[in-house]
Amino acid sequence: MSVLNRCRTVAILLAGGEGVRTGGRKQFRKAGGRSIMRHAAEGLVSVREIGGLVVVVPADSVETSRRELSDLHRPFEVVAGGNTRNLSSRNGLSALPDRCRWVLIHDAARPFASVALVRRVLAAAKKTGAAIPAVPVRDSTIELSAGGSLKRYLPRERLGAVQT
């Protein structure tokens, strides 16, 4: 029986990446004496609406991550991720209890999302069925043709940069 069985709102923390672009697994690097993953987990469980947490990590880090998070003040599960973000998300979703009604998926590489932001996203999801945070695009943005040449400028007032 899962420790999450009573949870109706669960956050999935994606910490399963290899960090290829940054030279290694950034989710386990330390900041202020704690791992980036730990900071992200603490931020999510500080939101009272979140009843539990599923943490998705590389398969060889499940046990060490479970120990690192053992004193969180919410029920949590640690599961192995997949070879892609999509597969890791699926593994996290597979760990959800049947009773779960709302799911927030968050990237451990963004450990300092505010409680207010998490609550806004959850409220928007409850209102519309799904939500994702985004910020206005400030740079000029273009669409390229298949050959790499300029196809057209995109109207930035209708664009948002997704915050994973």
Exercise. Mind listing whichever residues of the stretch 54-77 are without any contact (Cβ under 8 Å) to a residue 24 or more places away in the chain and either on the phi > 0 side of the Ramachandran plot or of a type in the set (A, V, I, L, M) (or both)?
Key: A59, V62
Quiz item: Going through the stretch 45-75 one residue at a time, which ones are open to solvent by 40 Å² or more (accessible area, probe 1.4 Å) and either basic (K, R) or within 18 Å of R34 (Cα to Cα) (or both)?
Solution: S46, R48, E63, T64, R66, R67, E68, S70, D71, H73, R74
Quiz item: Just one of V79, V103 is modelled with pLDDT of 90 or more, open to solvent by 40 Å² or more (accessible area, probe 1.4 Å) and either in a strand (DSSP E or B) or farther than 21 Å from D60 by Cα (or both); which is it?
Solution: V103
Exercise. Give just the number: which of (1) at positive phi; (2) open to solvent by 50 Å² or more (accessible area, probe 1.4 Å) does G148 not satisfy?
Key: (2)
Quiz item: Any residue at all in the stretch 119-137 that is out of contact with any Asp or Glu (no Cβ under 9 Å at 6 or more places or on another chain) and in a strand (DSSP E or B)?
Solution: yes
Quiz item: If you take the residues of the stretch 4-28 that are of a type in the set (A, V, I, L, M) and in a loop (DSSP other than H, G, I, E, B), which of them is modelled with the highest pLDDT?
Solution: A15
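The values are calculated or read from the model by the stated rules, or taken from the named source; none is laboratory data. All values derive from a computational prediction rather than experimental measurement. Counting neighbours? That spans all protein chains shown, and the Cβs are built from the backbone with ideal geometry, glycine included. The area values use the complete protein model at the heavy-atom level, side chains included, leaving out ligands, DNA and RNA. Shrake-Rupley method; radii C 1.70, N 1.55, O 1.52, S 1.80 Å.
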